Every structure is written in C-alpha cells, then in structure tokens.
1. Out of 39, 17, 34, I need the residue that is surrounded by 15 or more Cβ atoms within 10 Å (Cβ to Cβ) and closer than 19 Å to residue 114 by Cβ. Which one?
2. Quick one: which of 148, 111, 100, 61 is in contact with a helix residue (DSSP H, G or I) (Cβ under 7 Å, 6 or more places away or on another chain) and surrounded by 14 or more Cβ atoms within 10 Å (Cβ to Cβ)?
3. Please indicate, with yes or no, whether at least one residue in segment 75-95 is farther than 27 Å from residue 21 by Cβ and part of a strand (DSSP E or B).
4. Find all pairs meeting these conditions: Cβ atoms under 6 angstrom apart; at least six residues apart or on different chains; first residue within segment 126-155 and free of Cβ contacts under 8 Å to residues at least 24 places away in the same chain; second residue part of a loop (DSSP other than H, G, I, E, B).
5. Give the residue, chosen from 40, 17, that is farther than 22 Å from residue 136 by Cβ, in a loop (DSSP other than H, G, I, E, B) and in contact with a strand residue (DSSP E or B) (Cβ under 8 Å, 6 or more places away or on another chain).
C-alpha cells in the first residue's frame, strides 16, 4: 500500500524525465520527455541522448496473451525497447515490445511502431511505414524556416501572422482512385 502511495506521489509531482528515471527507464543526457506512459516493466526501456519524446507516447514491453492464460497460466513474454540518440518521437506514438529505433530517426505523430526503425529514417502511420530519410526531410523543410525559435508567444504570433501562405508547409492532396 505504501509503495502505491509513493508511486502516485512520484507520478503526480515529478517531471516526466525525472519520473522515467525514478521508475527505472534508462535515459541519456539532453532528453526532453513529455510522457509518463511507461509499461509495467520500465526497466526494459532505454532512451539515448538528445531524444524528444512527445506527449502521449506509450511504451509497451509485454502484451496480448490474455486469451491463452487458461491453458498456459504461467505464459509471459517481454521485449526491450531501445530508442537511439538524436531521435524525435511524435505525439501519441505507441511503441510495441521489442522495437528498436536507431539513431537520428523521426517517428511521426500517431504512429504505431510494431517494427524497428533503421538509422536516419522518417516513419509514420498505423502501422508505421517508411516515409523517407531524415537528411531529405531536413532539406525539404529548410525553405520553411521561420526563425521563431526563442521568441515569446506574442512575438512569434505577430511574426507568423505577417507571412504569406507560401511560407508555410502544405501537404499534398489525397487522390481518389
């Protein structure tokens, strides 16, 4: 009972990064973590350095065996999750057991990661699909650099509202078949 109370206090009052470390997640330096959705085996999760984990990201180190428990009452399986260095994990991503995201990767918001991600790639979708290389993505977005980093909310708003539509990213149309 006391352990549950202490766990609740940690969950409520620690920052996500400190919470992750306090429950056993291995976290490198220079990380910015905005989630507290770690599995019941957080000690099986390793996050490299200079990693951004967005809000709502969920880590799963086990799963899916409930239908077999009557026949195999002691059945359990687990998978470690490894996030490499210099990665971005977008909002509400779900990372399944055994997944490795190698260095320099971008995982788009809402992605379901059921497979590992090769170094230097961008993936997105449900399930995750290859989108491109991080180097290509950087070259593509450089032309949209609005140079607002470090501005206050009000100065950023004021500046962005002066730009014409060509200064903003636009997505391609979904075509009918």
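Each value in this text was obtained by applying a stated rule to the coordinates, not by laboratory testing. Bear in mind that the values here come from a model prediction, so they are computed numbers and not experimental data. Heads up, the Cβs are rebuilt from the backbone with ideal geometry, glycines too, and the neighbour counts pull from every protein chain shown.
1. Details: 17 fails: closer than 19 Å to residue 114 by Cβ; 34 fails: closer than 19 Å to residue 114 by Cβ.
After ruling out the rest, the residue left standing is 39.
2. Numbers: 148 fails: surrounded by 14 or more Cβ atoms within 10 Å (Cβ to Cβ); 111 fails: in contact with a helix residue (DSSP H, G or I) (Cβ under 7 Å, 6 or more places away or on another chain); 100 fails: in contact with a helix residue (DSSP H, G or I) (Cβ under 7 Å, 6 or more places away or on another chain).
Only one candidate passes the filter, namely 61.
3. First, the residues of segment 75-95 that are farther than 27 Å from residue 21 by Cβ: 75.
From what's left, part of a strand (DSSP E or B): none.
So far as segment 75-95 goes, no, none of its residues is farther than 27 Å from residue 21 by Cβ and part of a strand (DSSP E or B).
4. 127/114; 128/111; 133/120
5. Numbers: 17 fails: in a loop (DSSP other than H, G, I, E, B).
One residue alone meets the criteria, 40.
Yes or no, residue by residue, for (1) within 29 Å of residue 94 (Cβ to Cβ); (2) in a loop (DSSP other than H, G, I, E, B):
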site	(1), (2)
115	yes, yes
126	yes, yes
130	yes, no
137	yes, no
144	yes, yes
156	no, no
159	no, no
